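The values are calculated or read from the model by the stated rules, or taken from the named source; none is laboratory data. Given the structure is predicted, the values throughout are model-derived calculations rather than measurements. Heads up: the accessible areas ignore ligands, DNA and RNA and are worked out on the full protein's heavy atoms, side chains in. Shrake-Rupley method; radii C 1.70, N 1.55, O 1.52, S 1.80 Å.
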Amino acid sequence: MERPKERFPHTLKLSFTAGHHTSDESYGTRVNGRSDHDITLGLVEHVTNVPATAPERDLLSEGLESVRVQVAAREAR
């Protein structure tokens, strides 16, 4: 909480409320078997409360593929 206080020194009160999960499953269990693309789409929807648009889905797909290529190249060294 110290970093937000430094960034927003005139804030009267800072509080954190943990998100509500509808399941007692761990995060790992909830994402097991889902693709990286599906997980990121779920994050976008969770944060914005609306599904990703087609252009956003395409950008996420391109970004994830770029990361995969970079990791594969690094591991091939």
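Structure notes:
- Translational diffusion of the chain, estimated by Stokes-Einstein from the Kirkwood radius over alpha carbon pairs at 20 °C in a medium of 1.002 mPa s, is 134 µm² per second.
- A 1.4 Å probe run over the chain, with the rest of the protein chains in place, finds 92 Å² accessible per residue.
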